[in-house]
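One structure is given below, encoded as structure tokens.
What follows draws every value from the coordinates through simple rules; no lab data is involved. No experiment lies behind these values; they were computed from the predicted model shown.
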Amino acid sequence: MMSRGSNVMTDYAEEVLAWMQRKELEHPSYNGNSPQLAMRNSLVEFIRVVSEHLKLNVPTTHLAVYLLDRFMDAHFISGQQLKLTALTAILLAGTVTAAHFAEFYLMQGITTGDTMNGVNITVPSQAIKILWKATMDFLDITLQDQAFLQWRSSLVAAACLACGRFYCHLLPTWPLSLEMTTGYHLQKLSHIMDLLIRIYEKEEKGSECSSSDSAYSSNCSSLQGSPVTQTTNE
């Protein structure tokens, strides 16, 4: 993926990423066979609430959801045991998730030559803080829909970072250094980015429409097509 002398990542970081990529290849396939998929959203929310209460980090929360999805996919769980299963998933260690990859990618999230809102970045620490929040918001969306389970965790994480950069008005949207770090060209991410952005904008639209002072004529217009295709050639 990169030469040993690359300035993008150190040798140690390359080895960590290579290990994570090997681990994700061990993920069992997800078939969506659980007869209790209708309960998934409430269980994911339960895991998020417990994780927040226990002050667990983002990768732990994603790992718990990963374990729950795989276990539900292969077993029938009685209704009264579902929350217990979710709690058990929080307690178990498992494999790497999109959150693990996202945190790793974010170490290279702001690159030399980036501009934000058309202005050169003078305080990188502030820019990475803003980008971190935006990327985590998109990462959170991946927990809400099992559709994201069809892709590799590393690919989903890269798409979340690309969406984060797009919404932070960082240009270029996907610099060469991040393509080299992740191993993914922006075109490879476009389908996932499109889904992420559509879900994000749908949630934003719902939030605006539900507020008492929202103006239906302006804030609640129909969703427009994703701008991803406009950025793939940058």
- prompt: Want the number for H27 to S125: 0.36 nm per residue separation, take away the alpha-carbon distance, what's left?
  reply: 31.8 nm
field: Part-to-part distance (alpha-carbon centres) for the stretch 109-170 and the stretch 182-200, which is given in Å
entry: 11
query: In the structure shown, do any of K55/K202; K55/K205; K55/K133 have a Cα-Cα gap over 22 Å, and if so which?
result: K55/K202; K55/K205
